[in-house]
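Working notes, structure below.
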Amino acid sequence: MSELILCTLNARHAHASLGLRCLRANLGALRERSSIVEFVIGARPEDMVEKLLALAPRVIGFGVYIWNVEPTTRLIEMLRRVAPEVAIVLGGPEVSHETGAQAICALADHIVTGAAEQAFARLAGQLLDGPRPLMKVIAGDGPDLDAIALPYDEYSDRDLRERHLYLEASRGCPFKCEFCLSALDKTAWPFALPRVLQALEALYARGARHFRFVDRTFNLKADTGAAILRFFLERIEAAPHDPVFAHFELVPDHLPLTLRELIARFPAGSLQFEIGIQTWNPQVQGLISRRQDNRRAEENLAWLLAETRAHLHVDLIAGLPGETLESFAAGFDRLAAIGPHEIQLGILKRLRGAPIARHTEAFDLRFSPSPPYNVLSTRDLSFTQLQRLTRFARYWDLIANSGRFRLTLPVLLGQTPFERFMAFSDWLYDRTDATHRVAAERLYERVREWLVAQVDGEGAALDGEGAALDGEGAALDGEGAPPDDGEAAQAVAEIDRRLQADYSASGARGRPAFLARGLAGGQPASTAATPGHTAPQRQARHLA
Ligand code: B12
Ligand code: SF4
């Protein structure tokens, strides 16, 4: 039984909700009367409602985010029907803005906007023990982070074993990129460093080895960043057989020497950086108030790739105001030439509250009315172009980011990665009519089919120089002239060799036709994975 439930629908089981743990850790005496119940999007509303009501709650607080607002709305609709006496409180970034316009807010008794440790504790006390508050929408807490208890004891031993452990060393962001909700923060507030280090120590002592910091700009304060990196390095160096994995979000144009020296000491597979470039286009950067020194960003990325073993995920956004297909393609190629391990291509979203909305008219931004509110067309990109970019992003994730085509990818991309991958993406979609659930074997088959067609001269995509077949007897010359039979056969053999090696290393099981045609199949690697360790496994493919 639990009078007070904190509930959310996570994107996947591996993502434990830090927000709910923050709230529970700050409930004071009410903590004992509360529990956290987490679901994963895709669960049946009936099952969720049944599980919640089995605890006989009087109050349920839901954490509402862009990825769960729709299923949470359905869940609450059902809850309202079967248990109208239960008080419903909402919080989280999705309901912190435009509360008057949202169906889910209409269903709730109370909504707390923004960070809410203290505000929710007060509200929960009033709802459980009276007097009931009058205000429906309640403003959340100020930025006094010393006043709140840290949430990390709320991670269970099972969380430690199976899930990403999210942590924060700071909240907020001093930058103002208009597509981002953190643009509203105006500044970043740090948690006191000794508290953070103490929490890390306690988690490490309990066996935690997989840490993900959600700080918007981890590298902003070099001293704090350095202290945290040092914490991990000391443990890794003292026990190299007991690996630690740490993930941080960085701004790209700021990498002081103190941080560089530490980052360079991390072994492969232990460090991951998510770095937002978003756009290289100075006009677009100006329009969306993103301050970024492109030259320094480029140098820092190149340095990280050359001098460290950190795994780099670099973000680009398609559909920003003023960005055309050509300027996006140029930016993509610029990033691909630097060669980060993953390029995460996102489509612009209209996040509730984000200042990007001010450009809606001037740039004719048309956003989907449903979460995640992707942009559908802009003054500079048609609906069709954005659909093609969306598929490009999906296939890029399946083929390039997955690390499953490490040897074949350079052949696919050549010297003009965007143009070639877009041509492949258009063809693949035409062929499969699907962007999801493309089986691994089918994907290898399709990539082969496409590459072989290029060799046969059906397309102009293999223009030699960068095709990575050069020097190995390949037939793909720079002029795009059709190869003679011998050269073509050699090129196809090389494609098969690479695909076969990639397939064997990918861990996929099964036997695609190109292997069955007579090539010796490699031994598939194990696909067993613990959810909490997904990223290192994907990393391992890039590092292989
Ligand atoms: C972890 C994370 C994810 C994880 C999901 C985690 C999970 N649990 O399933 C993953 C990686 C899957 C993810 C994906 C996406 N994310 Co995300 N993500 C985050 C991140 C980095 C951390 C969240 C966190 O733990 N914060 C720390 C805690 C303490 O803060 P909090 O969660 O906001 O909780 C506080 C308050 O919101 C409130 N609160 C929370 N719950 C409740 C409940 C009640 C009852 C109350 C009263 C209050 C309350 O109190 C909490 C304590 O103060 C945030 C950025 C950030 N640093 O917050 C973005 C963020 C939440 N994501 C965002 C976005 C846009 C996305 C994507 C759309 C990005 C993309 N380009 O694809 C996708 C969604 C994809 C989809 N399927 O739709 C936006 C949020 C937009 C929104 N309206 O929800 C954020 C804020 C980033 C940003 N600055 O723009 N994300
Ligand atoms: S995109 Fe990154 S740097 Fe820009 S406001 Fe958001 S969190 Fe800050």
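Look at region 68-98 and say how many of its residues are over 17 Å from residue 43 (Cβ atoms) and away from ligand 1 (no atom under 12 Å from the Cβ). Count: 6.
With the condition kept exactly as written, say whether any residue in region 189-197 is more than 26 Å from residue 338 (Cα to Cα), crowded, with 20+ Cβ neighbours inside 10 Å, within 16 Å of ligand 1 (Cβ to nearest atom) and among the aliphatic types (A, V, I, L, M). Taking every residue of region 189-197 in turn, at least one turns out to be more than 26 Å from residue 338 (Cα to Cα), crowded, with 20+ Cβ neighbours inside 10 Å, within 16 Å of ligand 1 (Cβ to nearest atom) and among the aliphatic types (A, V, I, L, M).
Each residue in region 234-267 was checked for being under 26 Å from residue 315 (Cα atoms) and more than 16 Å from ligand 2 (Cβ to nearest atom), and 15 pass.
Residues checked against (1) within 23 Å of the chain's Cα centre (by Cα); (2) more than 15 Å from ligand 2 (Cβ to nearest atom):
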| residue | (1), (2) |
| --- | --- |
| 156 | no, yes |
| 177 | yes, no |
| 203 | no, yes |
| 207 | no, yes |
| 211 | yes, yes |
| 219 | yes, no |
| 223 | no, yes |
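Before we move on, is residue 406 part of a helix (DSSP H, G or I) and in contact (Cβ under 8 Å) with a residue 12 or more places away in the chain? So residue 406 does not fit the description; no.
Confirm whether residue 271 is within 16 Å of ligand 1 (Cβ to nearest atom) and of a type in the set (A, V, I, L, M, F, W, C). So residue 271 does not fit the description; no. Counted as qualifying within region 444-544 are the helices (runs of 4 or more DSSP H) with 3 or more residues that are farther than 30 Å from residue 244 by Cβ and modelled with pLDDT of 65 or more, namely 485-506, 513-516. Flag: residue 314 does not match the condition of being within 16 Å of ligand 1 (Cβ to nearest atom), at pLDDT below 95 and of a type outside the set (Ser, Thr, Tyr). Given the criteria among the small types (Gly, Ala, Ser), without any contact (Cβ under 8 Å) to a residue 12 or more places away in the chain and over 30 Å from residue 368 (Cβ atoms), does residue 29 qualify? Yes; evaluated as a whole, the condition is true for this residue.
Could you check, for region 417-425, whether at least one of its residues is among the polar types (S, T, N, Q) and either outside any loop (DSSP other than H, G, I, E, B) or assigned by TED's automatic domain parsing to the domain that holds residue 11 (or both)? Yes, some residue in region 417-425 is among the polar types (S, T, N, Q) and either outside any loop (DSSP other than H, G, I, E, B) or assigned by TED's automatic domain parsing to the domain that holds residue 11 (or both). Got at least one residue in region 225-247 being within 16 Å of ligand 1 (Cβ to nearest atom) and touching a residue at least 60 places away in the same chain (Cβ under 8 Å)? For region 225-247, residues within 16 Å of ligand 1 (Cβ to nearest atom) and touching a residue at least 60 places away in the same chain (Cβ under 8 Å): present.
Look through 116, 108, 169, 101 and report the one residue that is small (Gly, Ala, Ser) and in the same structural domain as residue 209 (by TED's automatic domain parsing). Among 116, 108, 169, 101, only 169 is small (Gly, Ala, Ser) and in the same structural domain as residue 209 (by TED's automatic domain parsing). When the residues of region 279-289 are filtered to those that are touching a helix residue (DSSP H, G or I) at 6+ places or on another chain (Cβ under 8 Å) and either small (Gly, Ala, Ser) or crowded, with 22+ Cβ neighbours inside 10 Å (or both), the one that is nearest to residue 346 (Cα to Cα) is 279.
Identify the residue in region 104-149 that is touching a residue at least 60 places away in the same chain (Cβ under 8 Å) and outside any loop (DSSP other than H, G, I, E, B) and, among all such residues, is nearest to ligand 2 (Cβ to nearest atom). Selected residue: 117.
Taken over region 355-366, residues that are surrounded by 20 or more Cβ atoms within 10 Å (Cβ to Cβ) and within 13 Å of ligand 1 (Cβ to nearest atom) amount to 1.
Please go through region 426-441 and give me each residue that is surrounded by 16 or more Cβ atoms within 10 Å (Cβ to Cβ) and in a helix (DSSP H, G or I), ordered by number.
Residues satisfying the conditions are 427, 428, 429, 440, 441.
Considering each residue of region 369-391 in turn, none proves to be in contact with a Ser or Thr (Cβ under 9 Å, 6 or more places away or on another chain), assigned to a loop (DSSP other than H, G, I, E, B) and surrounded by fewer than 18 Cβ atoms within 10 Å (Cβ to Cβ).
When only residues in region 162-175 that are assigned to a loop (DSSP other than H, G, I, E, B) and farther than 21 Å from residue 94 by Cβ count, which is farthest from ligand 2 (Cβ to nearest atom)? It comes out as 163.
Being surrounded by 15 or more Cβ atoms within 10 Å (Cβ to Cβ) and either charged (D, E, K, R) or under 28 Å from residue 152 (Cβ atoms) (or both) holds for only one residue in 86, 37, 49, and it is 37.
The values are calculated or read from the model by the stated rules, or taken from the named source; none is laboratory data. Remember, predicted model here, so these are calculated numbers, not experimental data. Glycine gets a Cβ as well: all are built from the backbone with ideal geometry, and neighbour counts include every protein chain shown.
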